[in-house]
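Just so it is clear, none of the values below were taken in a lab; they were calculated from the coordinates. These numbers come from a predicted model, not from an experiment. When we count neighbours, we look across all protein chains shown, and the Cβ atoms used for this are built from the backbone with ideal geometry, even at glycine.
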Amino acid sequence: MPQTELRLMCRNRFAAICSKISLTVAIVFGVAALLTVALPVLSAFALALEVLFKALTVVATLGLIFLFYPEFMNSIGEKDIIDTQVIMEFLRKSAPYVLAVLGVLAILSIVLFACDKRQRHGGRLACNIISLALGVIIGVICFVRIGG
Amino acid sequence: MNKIGLKIAANSFLKCPYVTADSQPVKLRRNGQWYEGEVSSDAETVFVSVQKHYELESKLWFLIGIGYFFISLFGLFDCRWGGKFRCLNFTVQIKPIQDTHLEIKFLNFVQNGRAAQIVGNCAIDEISNVYYCNKLLRRRRRILALVETLIWFALIAAVVCLVLHRFGII
């Protein structure tokens, strides 16, 4: 078996593995980071629905509720569906390392795929660029939400 | 010096063919669905060969396989090896003229079936033209799969032992 061919195949396989890892990490961290942004919005929306349904269904007995529980309206705003502090803490601790590894892997696989002139790796290159972009978005979210 | 223009239409199985002319690799560039290359030769007859290679053909196949298993985080992010290891044996002998053009179209894979159709403006003598499944590579892949499974069992056992030890059970 020709050594050049073997080297090319090994390089392509390594690039594909790097690409898969970077994309998976980007998706997992992207979802985690976006949750920290989206959850307060979702919880506010759920709160609005909750209030709406309560207003519709409970309006008839609201007087009774206020009779027994006068602080009911004040307690609605205090509720939080999911504690985003846990996710934020996780991101704060691991984000710098994970983002660094993600960036290195994505750039490495982009370079390796781009160097291969014999085959076209358009799809994989696009996926890597997306994962890199996702990494940048996660970085911005972490910087804005958590403070670096 | 005679110039031989090669035009190869690869199919889904043979995405990146390895082509040699008189045992020298031919540089191919992709042009749409075609791979194109050019060979210059003074010889009266030229042997053109197309091959499909796999990493497991190497002498260091076991190290390569296990290395990729660890690099890809215990095979979680590894690429598929292609279970059937389809190969081809395609060699033709041609007698080139001043401006030779060869067009090789690869057919769909059929075990022990014809691999390609060749059209050209010179005398072409087919030496071999057949698809086959490489049983040696399949056996090597099975050995690798077995070793990988054993590593996974060892890993799971180690994790279970660690957890049990942490909770003071063992």
What residues of region B:76-97 lie in the reach of a label at B:LEU136, counting those whose backbone N is under 17 Å from a point 7 Å from the Cα along Cα→Cβ?
B:84-90
Considering only Cα-Cα distances, which of the following residue pairs are longer than 26 Å: A:LYS20/B:LYS84; A:LYS20/A:LYS93; B:LYS7/B:LYS135; B:LYS3/B:LYS84?
B:LYS7/B:LYS135; B:LYS3/B:LYS84
Please give the residues of region B:67-81, grouped as numeric ranges, whose backbone N is less than 15 Å from a label point set 7 Å along the Cα-to-Cβ vector of B:LYS15.
B:78-81
Chain B, Gaussian network, Cα under 10 Å: of B:ALA115, B:ALA43, B:ALA154, the residue fluctuating most is B:ALA154
Radius, Kirkwood style, for region B:17-74 when every pair of distinct Cα atoms is counted (Å)
14.2
What do you get for Rg/Rh over region B:2-166 if you use C-alpha atoms and the Kirkwood form of Rh?
1.16
